[in-house]
1. Any idea what Rg and Dmax come out to for the chain if you just take the C-alpha atoms, in Å?
2. Show me the trypsin sites (Lys or Arg not before Pro) within segment 22-93 that DSSP assigns to loop and that have at most 13 other Cβ atoms within 10 Å of their Cβ.
3. Please work out how much length the chain gains when fully extended from L148 to L21, using 0.36 nm per residue of separation minus the C-alpha to C-alpha distance, in nm with one decimal.
4. Which percent of the accessible area of the chain is formed by carbon and sulfur heavy atoms (probe 1.4 angstrom)?
5. Please state, as a whole number in µm²/s, the translational diffusion coefficient that the Stokes-Einstein equation yields for segment 91-144 at 25 °C and 0.890 mPa s, with Rh defined as the Kirkwood radius across alpha carbon pairs.
6. Once R0 is set to 25 Å, what does the formula 1/(1 + (r/R0)^6) return for the Cβ-Cβ distance between E66 and V14, expressed as a FRET efficiency to the nearest 0.05?
7. Short version: ³J(HN,Hα) in whole Hz for each residue of segment 122-133, in order, from phi by Karplus 6.51 cos²θ - 1.76 cosθ + 1.60 (θ = phi - 60°), x for Gly and Pro, what are they?
8. What figure in square angstrom, to the nearest 10, would you give for the accessible area of H29 with a 1.4 Å probe?
Amino acid sequence: MDTVWLSGAEWAAVLRIGLGLWWLESWRHKDKKGWFERGTGIAWAADVAGKHKWPFVKTGFTKVVEPRPKVMAYIVVYAELALGLGLIVGFLTPIALIGGLLLNLLYLVLMIHDWAEQGQNAMMGLISFVALFAMSWQTWSLDNAIGLF
């Protein structure tokens, strides 16, 4: 593939690293004390799920998240950190890309009524999809350096 400045594989790596930085920023700006000590993140999500226009969202939240709010807060916050770091350094990249795509889809469904949020989730999902199928771990990654995937 002919491109300007970088090769196609290098541009795919740029997308992967940029997506990793986006996840890292999502983790960085979270009020961790609020999420972990006061339960603000899960309380907010419970409010959104409770008013959701799709009944399965409320049901799923009630069955999966509500019984274990503290555990789910740690899972959400540290999943964003793990995704960011994994994508930036290119470690377990296909797993990180699929995990990020699933997390963005979850956020997309939860926030279906808020179009301001949907742009971010849609773009992150699209980048995950492109980076996955472009096999972005082939360049500038630990996966490539150690022969994974």
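The values are calculated or read from the model by the stated rules, or taken from the named source; none is laboratory data. This structure is a prediction, so every number in the text was calculated from the model and none was measured. Reconstructed Cβ throughout: ideal geometry from the backbone, glycine too, with neighbour counts over all protein chains shown. Ligands, DNA and RNA are stripped out before the accessible areas are found, and what is left, the full protein with its side chains, is counted by its heavy atoms. Shrake-Rupley method; radii C 1.70, N 1.55, O 1.52, S 1.80 Å.
1. Cα only, the chain: 16.8, 53 Å (Rg, Dmax).
2. Details: sites: R28, K30, K32, K33, R38, K51, K53, K58, K63, K70; in loops: K30, K51, K53.
Answer in residue order: K51, K53.
3. Extending this stretch completely gives an extra 43.5 nm.
4. Details: 6180 of 8710 Å².
The C+S portion of the solvent-accessible surface of the chain is 71 percent.
5. Diffusion coefficient, whole number: 211 µm²/s.
6. Details: r = 40 Å, r/R0 = 1.59.
Efficiency for this residue pair is about 0.05.
7. For segment 122-133, the Karplus-derived couplings read 5, 5, 5, x, 5, 5, 4, 4, 5, 5, 5, 7 Hz, x marking Gly and Pro.
8. About 110 Å², rounded to the nearest 10.
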